[in-house]
Amino acid sequence: MRKAATAHELPDTGQVRAQAASRPTSRPDMMTRLRPYLYLTPAMICFILFFFYPIGSIIYLSFQDWSLINLEAMEWVGLQNYTELVADQEFQQVLTNTLVFTFATVGISLAISFLLALWLNKKAKMYGIIQATVFSPHIISFVSVSMLWMWLMDPQFGLLNAVLEAVGLPGYTWLTDPSSALLSLILVNVWKGVGYNTLIFIAGLQSIPGDIYEAAALDRSPWWRTLTRITIPMLSPTMFFLFIINMISSSHAFDTIAIMTQGGPINSSNMLVYYIYEQGMDYYNGGFAAAASVILLLIVGVLTALYFLFMSKRVHYR
Amino acid sequence: MARVVLQQITKTFQNQKVVKGLNLVIPDGSFTVLVGPSGCGKSTTLRMIAGLETATDGEIFIGSQSVNALPPGKRDVAMVFQNYALYPTMNVYDNIAYGLRNRGTSKKDCDVLVKEIAEIVGLADFLKRKPSQLSGGQRQRVALARAMVKKPKVFLMDEPLSNLDAKLRNQMRVELTSLHKQLGSTFIYVTHDQVEAMTMGDQIVVMSDGNIMQVAAPMDLYQEPENLFVAQFIGSPPMNIVPAEGRSDQLWGFRPEKAVLLPASVSPVSAEEMWTAKGQIVSREILGSDTLFHVETEKGRVIVKTETEEIGQYGSNVTVTVAKPHVYIFDRVSGKKVGRLAERGQVSALAGGVN
Ligand SMILES: Nc1ncnc2c1ncn2[C@@H]1O[C@H](COP(=O)(O)OP(=O)(O)OP(=O)(O)O)[C@@H](O)[C@H]1O
Ligand SMILES: [Mg+2]
């Protein structure tokens, strides 16, 4: 087989070489070496302009004391922005909130989506309708979602408390209490994200060949072992993908906070991106905003890297 | 070890009957082959025996037990799938051990059994590999080992060799046959390849369109086809079918290898004992030791199989002759075999004792 293949290739390469030799090029070596870089140049320029430059300038700006209203008065302060931030109680809370929110949202959302996907991964029409319903929040903008939930969670006129009271339970404080505001935001973000995650999970489940399950049935595999030894390993690339993109998007939560709580009450639902916005736009503290951005970048970067490091070994790619 | 009995088994998919009331006894320890054209319901029948498909009607027995209500895992059957259906995330060892562990076999016993089987099928060096790192033939062996290690009463195989190349297929055919002898369990084997069916099976079930056409041993199937379908399905090339002489409600048939070609100038001896037809050779295929002649005769086009050594003897005008005991009579409407033109023993002396 292999011999036949090379025999076929030989005349081809001969032809190509003959053409190259007959082409009147003054410095063929230089050209062949430079050509790939020439082809890459436009992409590289875009990349540098739109990715490296912004990241570089944010890092540069994080070492300055500056504000948007007076850009001339920029002053190099070294690591001072960072040391002040880290020592700041408010920032510590923002950081904790961000981590709690991110892990809770991703964890709960993926768990619910996975169970929903297992349940909805069937042929009957009803399941398609439920799937479409669950997916619908994904196509609504965050602004509309926030407005909707503000109404649902209204302590006096909201539907949620009305339901609670109807079944004899006390009303809940939802967005108005420091102990519950973050939880309410998690609820809203999970609700919005579950549809998309479920859809991707179902697609993953459907790509698992059915005869593997038939073989498992003949092997007397109990349902829980089929789940842990076959379904979950086969689905690990999907889980891996969803974990990463969910984590990145959750740690960047902004719209719901800005509309529903403005980080309150008393900073209890404030998170990094909203904090950066506050520092930069409300308090004109560009240095803090830039330093917090770099910290966010680092956190997401480190989490992603860690996850790749630990999980990629366990993930099965077909 | 167990026999398998199908009683009036029917399967309907979306109002379409694909298996139409099968009655079949598969004896204990037999190598039974289900063979038939594509879409005739072989896989569906096998899957009903495995419990992967529920029968719409009828009853299935394995041993003396009715298994209609039993899930696949409880039927004590093992199946080898056409594309193997190995667990992609598990290595070869776990693939083989999985069924044992689910039966509560201890880790230690499991280890012994898996290593033993791996030795038999020649996989001992590959136990740590994932299925994606194996060749087609090796995957096939894993699938076999996974089935064998459970020591089931019945082995079910759905075209297990169709993904292999011709050489490996031949080799596996021999291995499967000897495996069957070794294990002595009941094998039910699905294929659409009649060579596979004839060489491996000791009982062949010919199916067509959801019905059983004939159940017989390979030689009987070839020599005594019960109907036109079997006559034309088994044997390569298929049986020649010509109009019956003197009766419009019948058809006659004979195998290409039983026909003899004579140069047109030579008139056949003892013409009364022969079916004869004059014609012209339209084409010829040399298959190796045999050659096929396509002959356009006054009674229709027929194929004659002769030894390649003899092909020099013929011009283009020939007479096709067949000894009457080799001519089968079929009913034109029902396709059922009625008999032969003459009894076998009676004329064989005259025909030169050719069987
Ligand atoms: N799940 C199903 N739903 C609907 N029809 C089906 C289903 N499975 C099989 N069929 C139909 O049943 C008939 C028999 O199918 P089956 O797979 O048993 O054929 P087969 O004899 O195994 O053919 P092949 O040699 O091509 O594998 C076919 O017409 C097929 O279209
Ligand atoms: Mg089939």
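The values are calculated or read from the model by the stated rules, or taken from the named source; none is laboratory data. Treat the numbers as computed from the prediction; the structure is a model and nothing was measured. Don't worry about glycine lacking a Cβ; one is built from the backbone with ideal geometry, like all the others, and counts go over all protein chains shown.
Worth a mention:
- Selection count where residues are part of a loop (DSSP other than H, G, I, E, B) and within 16 Å of ligand 2 (Cβ to nearest atom), scope the range B:67-92: 5
- Residue match in the range A:263-284 (condition: under 30 Å from B:Leu144 (Cα atoms), in a helix (DSSP H, G or I) and more than 14 Å from chain B (Cβ to nearest Cβ)): no
- Candidate set: the range B:19-66, residues that are in a strand (DSSP E or B), farther than 17 Å from B:Phe81 by Cα and within 16 Å of ligand 1 (Cβ to nearest atom); chosen: the one nearest to the other protein chains (Cβ to nearest Cβ): B:Ile60
- Residue in the range B:207-227 that is outside any loop (DSSP other than H, G, I, E, B), touching a Phe, Trp or Tyr at 6+ places or on another chain (Cβ under 7 Å) and of a type in the set (Asp, Glu) present: no
- Test: B:Phe13 is aromatic (Phe, Trp, Tyr) and within 11 Å of ligand 1 (Cβ to nearest atom): yes
- Residue that is aliphatic (A, V, I, L, M), more than 26 Å from B:Ala166 (Cα to Cα) and in contact (Cβ under 8 Å) with a residue 12 or more places away in the chain, where the choices are B:Ile234, B:Ile212: B:Ile212
- Taken as a whole, the condition of being aliphatic (A, V, I, L, M) and surrounded by fewer than 18 Cβ atoms within 10 Å (Cβ to Cβ) applies to B:Ala124.
- Residue in the range B:89-111 that is closer than 24 Å to B:Tyr189 by Cβ, among the charged types (D, E, K, R) and more than 8 Å from chain A (Cβ to nearest Cβ) present: no
- Verdict on A:Ile212 being of a type in the set (Val, Ile, Thr) and within 9 Å of chain B (Cβ to nearest Cβ): yes
- Among the residues listed as B:Leu34, B:Leu70, B:Leu46, the single one being in contact with a Lys or Arg (Cβ under 6 Å, 6 or more places away or on another chain) and aliphatic (A, V, I, L, M): B:Leu34
- Positions within the range B:299-355 being at pLDDT 85 or above, basic (Lys, Arg) and either in contact with a helix residue (DSSP H, G or I) (Cβ under 6 Å, 6 or more places away or on another chain) or over 19 Å from B:Glu224 (Cα atoms) (or both), in sequence order: B:Lys299, B:Arg301, B:Lys305, B:Lys324, B:Arg340
- Conditions (1) under 32 Å from the mean Cα position of the chain (by Cα); (2) surrounded by fewer than 16 Cβ atoms within 10 Å (Cβ to Cβ); (3) part of a loop (DSSP other than H, G, I, E, B); number of the one not met by B:Lys150: (2)
- The criterion of at least 3 residues that are under 24 Å from the mean Cα position of the chain (by Cα) and not aromatic (Phe, Trp, Tyr) is met, among helices (runs of 4 or more DSSP H) falling completely within the range A:72-160, by A:89-120, A:125-135, A:142-152.
- Unmet requirement for B:Asn83, which otherwise passes all of (1) within 16 Å of ligand 1 (Cβ to nearest atom); (2) modelled with pLDDT of 90 or more: (2)
- If the condition is being part of a helix (DSSP H, G or I) and either surrounded by 15 or more Cβ atoms within 10 Å (Cβ to Cβ) or at the interface with another protein chain (Cβ under 7 Å from one of its Cβ atoms) (or both), then the range A:215-226 contributes A:Ala215, A:Ala216, A:Ala217, A:Leu218, A:Arg225, A:Thr226.
- The range A:161-195, residues that are in a loop (DSSP other than H, G, I, E, B) and touching a residue at least 24 places away in the same chain (Cβ under 8 Å): A:Asp177, A:Pro178, A:Ser179
- For the residues B:Val206, B:Val154, the requirement of being touching a residue at least 12 places away in the same chain (Cβ under 8 Å) and within 16 Å of ligand 2 (Cβ to nearest atom) singles out B:Val206.
- Matching entry among A:Thr231, A:Thr238, A:Thr198 (being in a helix (DSSP H, G or I), within 11 Å of chain B (Cβ to nearest Cβ), of a type in the set (S, T, N, Q) and out of contact with any Asp or Glu (no Cβ under 8 Å at 6 or more places or on another chain)): A:Thr231
- Looking only at the range A:46-68, residues that are farther than 25 Å from A:Met271 by Cβ and of a type in the set (Val, Ile, Thr) come to 1 in all.
- The range A:264-289 - residue that is of a type in the set (A, V, I, L, M, F, W, C) and surrounded by 23 or more Cβ atoms within 10 Å (Cβ to Cβ) and, of those, farthest from A:Glu75 (Cα to Cα): A:Met271
- The residue list B:Gln138, B:Gln182 contains one member that is part of a helix (DSSP H, G or I) and closer than 29 Å to B:Ser38 by Cβ, which is B:Gln138.
- So B:Asp111, is it closer than 19 Å to A:Ile230 by Cβ, part of a helix (DSSP H, G or I), in the same structural domain as B:Ser185 (by TED's automatic domain parsing) and among the acidic types (Asp, Glu): no
- Cβ-Cβ contacts under 9 Å between residues 6 or more apart (or on different chains), taken from a first residue in the range B:1-17 that is within 14 Å of chain A (Cβ to nearest Cβ) to a second residue that is outside any strand (DSSP E or B) and within 16 Å of ligand 1 (Cβ to nearest atom), are listed as B:Phe13/B:Thr44; B:Phe13/B:Thr56.
- Flag if B:Asp165 is out of contact with any Asp or Glu (no Cβ under 9 Å at 6 or more places or on another chain), within 15 Å of ligand 2 (Cβ to nearest atom) and within 22 Å of B:Gln138 (Cβ to Cβ): no
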